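The block underneath contains the structure these notes are about, expressed in structure tokens.
The values are calculated or read from the model by the stated rules, or taken from the named source; none is laboratory data. Note that the coordinates shown come from a computational prediction; the quantities given were computed from them, not determined experimentally. Neighbour counts run over all protein chains shown; Cβ positions are idealised from the backbone, glycine included. For accessibility, only protein heavy atoms count, side chains too; no ligands or nucleic acids. Shrake-Rupley method; radii C 1.70, N 1.55, O 1.52, S 1.80 Å.
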Amino acid sequence: MKSDEIKKIEAYLRRKFNLPAIKVQARPRKDDSAEVFIGDEFIGVVFRDDEDDELSWNFQMAILEMDLEEDDD
């Protein structure tokens, strides 16, 4: 993903989640996706999809069972 595209995605996620700490960074050796962080914590990947003459981005976030258990404290 190009840097201007990454900046637009980052701004969108910050507005959507009302969370200025979200950062979107290019992935090494990958040009179809970028990594998403809250502060220094990796939370997911945004994938660029330009098939069928329509451009979109898909945000994928895995939630581990141990992450849910931390909230039970």
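Data table
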read-out: Whole-number accessible area per residue in Å² for the chain, which is evaluated in the context of all protein chains at 1.4 Å; value: 82
read-out: Structure-based [θ]222 nm, the chain - -39500 (n - 2.57) summed over DSSP H runs of at least 4, per residue, nearest 500; value: -8500 deg cm²/dmol
read-out: Probe 1.4 Å - accessible area at Lys30, Å² to nearest ten; value: 110
read-out: Lys7 versus Arg27: modelled label distance in nm, points set 7 Å from Cα along the beta carbon direction; value: 2.3
read-out: Cross-link reach list, aspartates and glutamates versus Lys7, counting only Cα pairs under 16 Å and skipping chain neighbours closer than eight places; value: Asp31, Asp32, Glu35
read-out: Helix 3-17 axis, angle to the chain major axis (alpha carbon atoms, nearest 10°); value: 40
read-out: By average C-beta atoms within 10 angstrom, highest first, the peptides 61-67, 44-50; value: 44-50, 61-67
read-out: Proximal lysines relative to Lys2, as straight alpha-carbon distance under 20 Å, when same-chain residues fewer than 8 apart are discounted; value: Lys23, Lys30
read-out: Nearest-20 debye value, the chain charge dipole, Cβ charges on Lys, Arg, Asp, Glu; value: 660
read-out: Only Lys, Arg (+1) and Asp, Glu (-1) charged, at Cβ; the stretch 6-46 dipole about Cα centre in debye; value: 200
read-out: Gain upon complete extension [Glu65, Ile38; 0.36 nm per residue less C-alpha separation]; value: 7.8 nm
read-out: Gyration tensor (alpha-carbon) shape descriptor, the chain, a/c threshold 1.5; value: prolate
